[in-house]
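Accompanying notes for the structure given below.
Laboratory data are not the source of any read-out in this text; all were calculated from the coordinates shown. Only a predicted model underlies this, so the values are computations on that prediction, with no experimental measurement involved. Using ideal geometry, Cβ is built from the backbone for each residue, glycine included, and neighbour counts are taken over all protein chains shown.
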Amino acid sequence: MADGHTLDILAAIDMQVNAGEAVAILGPSGSGKSTLLGLLAGLDEPSTGRVTLLERDLGAMSEDDRAALRAGRVGFVFQSFQLLPGMTALENVALPLQIGGRDAAREQAAGLLAEVGLGERLDHLPRQLSGGEQQRVAVARAFAGEPEVLFADEPTGNLDADSGRRIMDLMFGLRDRIGCTLLLVTHDQQLAARCDRVIRLDGGRMQSAA
Amino acid sequence: MNHLFVPGQLRAAVRDPGLRLLFLAVLVAVAALTSVAFFADRVERALERQGAALLAADLVVEQGEPFDPAWLAQARTLGLAHARSVMFPSVVLANDQPLLVQIKAVEPAYPLRGRLRVDTPRGETGSVPADGEAWVEGRLRDRLGLVVGDTRVQVGDTDVLAAGILVDEPDRGGNLFQLAPRLMLNYADVERSGLLGPASRVRHRLLLAGEAGELAAMRDWLEPRLPPGSELADLANARPELRTAIERARRFLSLAALCASLLAGVAILLATRRYVDRALDGAAVLRTLGMSGAGVLRWHLWRLGWLALAACVAGALAGLFGQQALVVLLGNWFGEALPPPGVRPALVGLVFGVSMVIGFSVPTLLRVGRVPPLRVLRRELDAPGLAGWLVWLVAAAVFFGLIYWQVRDHRLAVGMALALAAAIVTLMLAGRLLLRLLMPLRRTGGSAALGLAALARYPQLTQLQLAGFGLGITLLLLLTVVRIDIIDTWQASLPAQAPNHFLINIQPEELPVLQALVEQRGIPHSGFHPTTRARLVAISGRPVDPESYASMRARRMATREYSLSFNAVMQSDNRILAGQWWDDGREGAAGFSVEEGIAESLGVKVGDALTFDVAGQVVSAPITSLRSVAWDSFNVNFFVVGSPAVAEGLPVAYLSSLYLDDESDGFAVELIRRFPAVSVLDLRPILQQVREIMERGALAVELVFLFTLVAAALVTVAAAQVSRDERAREVAVMRTLGASRRHLVRAVLAEFGLLGLIGGVLAAMLASVSGYLVAVELFNLPGRFGLTTWLLGIGAGTVVVALVGWLATRRLLAVPPMRVLNSG
């Protein structure tokens, strides 16, 4: 709402992503990409319309049910990393495993951190890590539960080109290994090209699906 | 300059949660302090304004004996106005009910300064009662059911008509601790009443008024003639005991207000931290736009300054209401008409509030001016501030200054500062220990463990929260539970059949009949003790020189008259500390037994000879023993007891104490009827009134501590809010990762519940120890550790703090995670 008028952030979106598919949502700033991602992942609710995730209608579920659906089955990578500042790298990665009630969460998390090249930095707090390293922790956390769907919101947006490339290699490598569905929000054409399909968004509307 | 635009600044403050809290905290601190300051100021000004009226004269001589007629003649020669008055406690009888009153008989010229106000059926008058009439205080009329102009009151051998209600008498001063109501007579009636026996407790006053020169001449003439035990009072030293009492009350209430202020200070500090955390982004943008660091700081200082000013004004207004409640509770101790509240306390509040902001807020605010402009690009760049310890040191130093300013006593200020510092350090150290113990929990998974681990993740914040919660709970426990404990212990310490009536002034010829009557009725009594009024004149042959004693108590004992008793047998609650009682085959020998405290004050020991003047007769005997006395037994006890041999030939009256239960209550009336000269003092109303005074005093302190309660709540909210932004992000990330609402609520309850539990345990411990010390050291009561303190401290601490945590987090759970994650 702005000045009493209703503002449509997204409209006329009709899309489907199949299991195992990698889809990029491409568009300029303010086109509604991140909002769409939030809706698809059940992190926000649409004022109208219907979103289905893992064959469940998100609109019919409570926030707690949506959280339970995400637990262990959905992973996230954010542009601003979203690591918890008071927790070490290891604790951040172990968190989704602990929430999902998995055993040996810390051992698994340590293994994943070693895989992303941070085996020596387990006890470091986020502020003691560089941007690239923080995002690698975030990637490790996203894959910790071996999710069925991975949502990534501009994962390289806060990184230099070199670090960005390494993060994407890491992400796609891990995805190939576990075979999860990927939804990637980006404004980087080259990055989008690495996906199976690209959905273009402008002014909150779908322009095309390629 | 837009920073001068006040309404805008205040609007911004209302929008910012940190500043809102800061505003409330300053308001509470100022309100607590000004309510005490307004009250004390009104009472002090009432005293100043009354000035000479407090004495009812310009110069007053007070002593235990009637005045030499030559003194009156001298006053007349010098052209000074003069009037005599005499005061003593006695029991009067009306409508078959006895009541202990404070009788004051005055000559027609009374008062020489100030005004007497009496309501009579014929209207208001300022004159003294006529022969055969009496003015009575309102509460005397109420207790005895007097009808003014109709009921007659028996006073000793005579009776008088209750002719008017005494509204105000000038030299009553503060009626603080004056328990018995006043009955005012004409001077002529007192002589007829027969109550002025040689051994009765009478104070004679000679009031003098006139020009300064003549007064000085009278003073010079009087001074060499004053007998020991006489006191001269003028405006300079009018009612020092009342001034001391008021100053003590003010200090004590100020201490209570300062406790509230300290908590408010902690809330201010925490609120400023949150404000600065939120202000850094905007400050960084201002700096990239070209504003200097000093400029940014100035901008925020202006905002804070206006806010502090508004909070001080609001606080002073709240204080105005608070003081009115104090006046309702305590005002009638100080007379009815207090002057209206003045401006000075409001100014004191303003200075106090601004100082609080400077001490508790500004050091933290300095960070905002040091924000690196690069923060607009790299948000993790922090602004360097003063070191944490320095921020606390500045706050502590400013607060110590404020304590000193308010209590005007460096020992008390240092004592309070040390006690508070000890409490805070204990809480902080316990917090650190707790964190150590929680470290292993970081390795486990469950939601409760996650919440507990959250305490370990933010160690500084946990310590701060613990100090805030703990101090708040301690102060509240101390004031509520411990107070009740102490009053209960005091009451329990009174023996069940403690004497509740005193019989004073029994003449020797009445004794056999009276004693037989008491024994025949089987009424428990403490024996009949011969007493006389005596003045110490020499120790081992050397005249007593009051000036040679350093302590005021010794000086008083050396100059004042006091009761001397004679007994063959020692009271059962006494214990010989040195020498021997005279029942060891030396009954016939003359000797004195002296109470240990007095012996120490006067510097006398066994073997020294004491010489007393008893109504002109001189008696002398050696000290044969020193005794300890259990004063709280309510038995009849004396500082100095002489052997029966000393009493021979001295004018004595007898004294006893009785225990009358509800059935034998009428015996008191019977005694007064049959023995009009004997004063029967009913102690029950006095005990009741002492309890009321304690209760009212405690209520007044509790009223001030209400501010502490509010301040403690503010600290709790502030402590929860400091971490609110981080907590919001944490909740959003956890929800994104699939944590359920119940999981998060359990984590929060575990985190805050544990914080409250530890705070409650520590607070109960601190409150119990200080309560124990207060009981033992201050009130000489047996100390005890009440279970209630622990149950309430731990139970309420855990529940309340967990609830605050839940309330602070509840709203965060309702926000969709994406909105929080997108916000920064």
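In this structure the amide hydrogen of A:Leu53, modeled in the peptide plane, comes within under 5 Å of the amide hydrogens of A:Leu58, none closer than 5 places in sequence on its chain.
Only DSSP H runs of four or more residues enter the estimate; each adds -39500 (n - 2.57), and after division by the residues of chain B the mean residue ellipticity at 222 nm equals -18000 deg cm²/dmol.
Do you know the relative contact order of chain A, to the nearest whole percent, from alpha carbon pairs under 8 angstrom that are 6+ apart?
Relative contact order, chain A: 35 percent.
The slack in the chain from B:Leu807 to B:Thr77, taken as 0.36 nm per residue of separation less the alpha-carbon distance, amounts to 254.6 nm. GNM remark for chain A: springs join alpha carbons under 10 Å apart, and the peak mean-square fluctuation among A:Gly101, A:Gly131, A:Gly145 falls on A:Gly101. Label-to-label distance for B:Glu107 and A:Asp169 is 11.6 nm, based on points extended 7 Å past Cα in the beta-carbon direction.
Computed with the Debye formula from one identical point scatterer per Cα of chain B, without solvent, the log10 of I(q)/I(0) at q = 0.07 Å⁻¹ comes to -0.71.
Here the range B:699-767 yields Rg over Rh of 1.14, to two decimals, using C-alpha coordinates and the Kirkwood radius. The mean number of partner chain beta-carbon atoms within 10 angstrom of a residue's beta-carbon across peptide A:85-92 is 4. Within the listed set A:Glu146, A:Glu154, A:Glu107, the Gaussian network model of chain A (springs between alpha-carbon atoms below 10 Å) gives the highest mean-square fluctuation for A:Glu107. Rounded to whole numbers, the Karplus 3J(HN,Hα) couplings from phi for the range B:593-605 are 10, 10, 5, 4, x, 5, 4, 5, 4, 7, x, 10, 9 Hz, using 6.51 cos²θ - 1.76 cosθ + 1.60 with θ = phi - 60°, and x at Gly and Pro. Within chain A, no helix built from a complete DSSP H run reaches 27 Å or longer along its own axis (Cα positions) while carrying a mean Kyte-Doolittle hydropathy of 0.0 or higher.
Would you order A:Thr186, B:Thr158 from fewest to most other beta-carbon atoms within 10 Å of each residue's own beta-carbon?
B:Thr158, A:Thr186
If I take R0 = 51 Å and measure r between the Cβ atoms of A:Met61 and B:Ala294 in this structure, what FRET efficiency does the formula 1/(1 + (r/R0)^6) give, to the nearest 0.05? Given R0 = 51 Å and the Cβ-Cβ separation, E is 0.40.
Can you work out the FRET efficiency for the pair B:Glu519 and B:Asp583, with r the C-beta to C-beta distance and R0 = 30 Å, to the nearest 0.05? Computed FRET efficiency for B:Glu519 and B:Asp583 comes out at 0.85.
Take the Cβ atoms of B:Ser620 and B:Ala422, set R0 to 35 Å, and the FRET efficiency comes out at 0.05. If both residues of a DSSP beta bridge must be in the protein assembly as shown, then about 70% of such bridges are antiparallel. Taking 7 Å steps out from each Cα toward its Cβ at B:Asp662 and A:Ala19 produces label points 8.7 nm apart.
Scalar couplings 3J(HN,Hα) for the range B:314-326, obtained by applying the Karplus form with A = 6.51, B = -1.76, C = 1.60 to θ = phi - 60°, are 5, x, 5, 5, 5, x, 4, 6, x, 5, 4, 5, 5 Hz; x denotes Gly and Pro. Working from Cα pairs under 8 Å separated by at least six residues, relative contact order for chain B is 17 percent. Using C-alpha pairs under 8 Å with a sequence gap of at least 6, the mean separation divided by the residue count of the range B:742-824 gives a relative contact order of 45 percent. Database remark: amide H of B:Gly527 closer than 5 angstrom to the amide H of B:Ser657 (H placed geometrically; neighbours at sequence offset of 5 or more, or on other chains; Pro and chain starts carry no H). With the cut-off at under 18 Å, measuring from each backbone N in the range A:70-102 to a point 7 Å along the Cα-to-Cβ line of A:Thr52 picks out A:70.
For the pair B:Val14 and B:Gln324 in one chain, pulling the backbone fully straight at 0.36 nm per residue adds 108.7 nm over the alpha carbon distance. Full extension of the segment from B:Ser628 to B:Glu510, taken as 0.36 nm per residue of separation minus the current Cα-Cα distance, would add 39.3 nm. Which Cα, out of B:Ala653, A:Leu182, B:Leu27, lies furthest along the positive dipole direction of the protein assembly as shown (beta carbon charges, K/R +1, D/E -1)? Ranked along the dipole, the leading option is A:Leu182. With the simple model of a label 7 Å out from the Cα in the direction of the Cβ, B:Leu437 to A:Ile178 spans 3.8 nm. Computed from Cα positions, the angle between helix B:724-736 and the longest principal axis of chain B comes to roughly 50 degrees.
Return the inverse of the average 1/r over all pairs of distinct C-alpha atoms in chain A, which is the Kirkwood hydrodynamic radius, in Å to one decimal.
Details: mean 1/r = 0.0565 Å⁻¹.
Taking every pair of different Cα atoms in chain A, averaging 1/r and inverting gives 17.7 Å.
Need one number for the protein assembly as shown: average projected area of the convex hull over its C-alpha atoms, nm².
55.3
Summary of packing: across the peptides B:705-715, A:27-37, the per-residue average of other C-beta atoms within 10 Å ranks them, highest first, as B:705-715, A:27-37. Computed over the alpha carbons of the range A:1-125, Rg followed by Dmax gives 17.7, 54 Å. Residue by residue, the range B:414-422 carries 3J(HN,Hα) couplings of 5, x, 5, 4, 5, 4, 5, 4, 4 Hz when phi is fed to the Karplus relation 6.51 cos²θ - 1.76 cosθ + 1.60 (θ = phi - 60°); x denotes Gly or Pro.
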